[in-house]
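J.: One structure is given below, represented as structure tokens, and several questions about it will come after.
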Amino acid sequence: MSTQSESARPLVEAINVTKAFHGNEVLKGIDLHVNPGEVVCLLGPSGSGKTTFLRCINQLETINGGRIFVDGELMGYRDQGGQLYRLKDKEIAAQRREIGMVFQRFNLFPHRTALQNVMEAPVHVKRQKAATVRADALALLDRVGLADRANHYPSQLSGGQQQRVAIARALAMQPKLMLFDEPTSALDPELVGEVLLTMRELAEGGMTMIVVTHEIAFARDVADRVVFMDGGVVVEQGPSREIIARPQHERTKSFLRRILTEQDETPEAHPDAPDAGIPAHLRKHS
Amino acid sequence: MSSAPDTLDRPGEINARPVRHPGRWIAIAVLAVLAAMLISSFVTNAKWDWPFVWQVMKYKPVITGLLAGTILGTIGAMIIGVVLGVLLAIMRLTDNPVLKGASWLYIWFFRGIPRYVLLIVMSVGILYLYDTLTIGLPFLPVTFFTINVKTFSTGLFVGILALGLSEAAYMAEIARAGILSVDKGQDEAACALGMSKGLSMRRVILPQAMRVIVPPTGNETLSMVKDTSLLVAVPVTNEMFFQAQAVSQATYKVMPSLIAAVIWYLIVSTILGMGQSWLERHFGRGFGAQTSVQNDTRVKFLGLRGGGGN
Ligand SMILES: Nc1ncnc2c1ncn2[C@@H]1O[C@H](COP(=O)(O)OP(=O)(O)O)[C@@H](O)[C@H]1O
Ligand SMILES: [Mg+2]
């Protein structure tokens, strides 16, 4: 169908996605393209549908209208001559394997150690050999800075550590796409930095990421593009620095103003100084 | 008498006297007296007849009754109860209205019938209504195979089946509560990793639900040990309490025979209790200090295990 070349094909293509809960329309026609290797931050006030949209991408919610393609594959349905057929649970599970998700509340498996959490899916979903998975899992834990916590249970880890284990657990399935739903919102302020740093390293490693966050500094410095949502629609989107520095829409402006005064470790939101208001650990060039 | 000790030492290690607990000592004294009275009665009142109690305890039919009726009966009925109960709980929690309804109906039916009555009804009913068991398509002359029910329908088998089916109705509610106690974020995390519903249930949800399921299941198991004495209704004669009573009727030494049964029940319950605390520790892994403290306390109170730690 598409005349675009393989390399130009977006990894995520959401077209006119709608979603209603009991008649209450929460997503009102979302269009979003995310290219391979791109990092997109979803911003927007609470209740604007960011979480719902993210959950629709990996089918934790079923959409009512529109289409979502990930890596060219239609999510949730088989299209036979224009007629859609719902996929079986097993086929949906297979599609989800390509997509990693990190939750606001970590959702680590509390009855398994950090290492077991990371090994769980490769061993039991992909049915890989435990010995090789173990080595990979330890390497992943090392990558998120938790090699020495491999045998700790989640209850023995700080929130920041738990979230980094959760990131490692998602990465263990070697996903093409990572979804983050406010990964730092449940953390004590002093633990936010370590998680954002891990995510930043992941972004620099070329991972395609969609991140719902209120960390404006992160969005601005790490994301290629920000998408501002409100009331179930995309209000405005564009290159992150541009949108954050010079939002066009009134709703975006007031949202950013509000969020930047809340995050008052930012001394002054000087839109023109590139690194102003960005915590030291996130500065690219210092 | 003199003033502060004439030393330049700074305060050192604290070697304080612990708080006294006089109430505890009084309680110990009272209990000790009661225990002494009991023991003295055991020893001096010849009607207890401990040598005979011991004889009954190791009397062959009592032992085989213990192994077959009591222990095998409990294990068999609980296996049926737990497996079927978890299945019923999962059915009840699906979106499928047919499975939901079937599970509800099952629980409604088996919870409404006294076990004693169920045992009699099933023992009479199975042989009366279905002397052969035919697996085929209903209303159609298609038969896959036929079994003569009498070949496997011994009293003990029917008894275990009846107790197990009844137990499943109670276990279903326990398992349902356990499954519902697991945060739904756990299932979502499992799904997001590409697990199927079944794998998520088996690897993620049930292991965590077990924390909630095991303690009441322990109680159910203890009840089952005691309910195996109902097997006499089937009738199953190869059962410990029936055999102890038989001894009492034959010898007229009623009390010592019953005491022999009581002691066996206590021994079996104690062993099961140890199994339960092991299971609770096993499924409490990763759930922090709280669980291990609870376990330690119980372990200490029951005196089932030496040592501490987790
Ligand atoms: N499972 C659900 N059932 C009913 N309403 C829901 C459900 N999930 C989300 N909503 C509603 O959808 C709207 C958007 O929610 P959400 O996607 O969580 O927003 P955000 O993540 O941007 O804060 C909210 O009004 C919320 O109440
Ligand atoms: Mg949200």
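The values are calculated or read from the model by the stated rules, or taken from the named source; none is laboratory data. As the structure is a prediction and not an experimental result, all values here were calculated from the model. Glycine also receives a Cβ, built like all others from the backbone with ideal geometry; neighbour counts cover every protein chain displayed. Heads up: the accessible areas ignore ligands, DNA and RNA and are worked out on the full protein's heavy atoms, side chains in. Shrake-Rupley method; radii C 1.70, N 1.55, O 1.52, S 1.80 Å.
J.: Restricting the search to segment B:269-289, which residues are within 14 Å of another protein chain (Cβ to nearest Cβ) and among the aliphatic types (A, V, I, L, M)?
T.: Scanning segment B:269-289 gives B:L279, B:A289.
J.: Just one of the numbered conditions (1) of a type in the set (V, I, T); (2) open to solvent by 10 Å² or more (accessible area, probe 1.4 Å); (3) in contact with a Phe, Trp or Tyr (Cβ under 8 Å, 6 or more places away or on another chain) is not true of A:V123; which one?
T.: (3)
Rundown of residues vs (1) of a type outside the set (F, W, Y); (2) buried (at least 22 other Cβ atoms within 10 Å of the Cβ); (3) over 21 Å from the mean Cα position of the chain (by Cα); (4) away from chain B (no Cβ under 14 Å), yes/no style:
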| position | (1), (2), (3), (4) |
| --- | --- |
| A:S48 | yes, yes, no, yes |
| A:T51 | yes, no, no, no |
| A:R55 | yes, no, no, no |
| A:E61 | yes, no, no, no |
| A:R78 | yes, no, yes, yes |
| A:R96 | yes, yes, no, no |
| A:M101 | yes, yes, no, no |
| A:R105 | yes, no, no, no |
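Residue by residue, here is whether (1) among the polar types (S, T, N, Q); (2) more than 16 Å from ligand 1 (Cβ to nearest atom); (3) within 14 Å of another protein chain (Cβ to nearest Cβ) holds:
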{"site": "A:A168", "(1), (2), (3)": "no, yes, yes"}
{"site": "A:L179", "(1), (2), (3)": "no, no, yes"}
{"site": "A:V192", "(1), (2), (3)": "no, yes, no"}
{"site": "A:L197", "(1), (2), (3)": "no, yes, no"}
{"site": "A:R200", "(1), (2), (3)": "no, yes, no"}
{"site": "A:G206", "(1), (2), (3)": "no, yes, no"}
{"site": "A:A219", "(1), (2), (3)": "no, no, no"}
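J.: When you scan segment B:1-99 for helices (runs of 4 or more DSSP H) that lie fully inside it, which ones turn up with 3 or more residues that are of a type in the set (A, V, I, L, M, F, W, C)?
T.: B:22-44, B:50-57, B:73-93
Condition check ((1) within 16 Å of ligand 2 (Cβ to nearest atom); (2) in contact (Cβ under 8 Å) with a residue 12 or more places away in the chain; (3) assigned to a loop (DSSP other than H, G, I, E, B)) across all residues:
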residue	(1), (2), (3)
A:Q174	no, no, yes
A:M178	no, yes, no
A:S185	yes, yes, yes
A:G193	no, yes, no
A:D221	no, yes, no
A:Q237	no, yes, no
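J.: Can you give me the number of residues within segment B:213-262 that are open to solvent by 50 Å² or more (accessible area, probe 1.4 Å) and more than 15 Å from B:T74 (Cα to Cα)?
T.: Matching residues across segment B:213-262 total 13.
J.: Of the conditions (1) buried (at least 19 other Cβ atoms within 10 Å of the Cβ); (2) at pLDDT below 90; (3) within 18 Å of the chain's Cα centre (by Cα), B:G286 clears all except one; give me its number.
T.: Failing condition for B:G286: (3).
J.: Mind checking whether some residue in segment A:14-31 is within 14 Å of another protein chain (Cβ to nearest Cβ) and surrounded by 18 or more Cβ atoms within 10 Å (Cβ to Cβ)?
T.: The answer is no; no qualifying residue exists.
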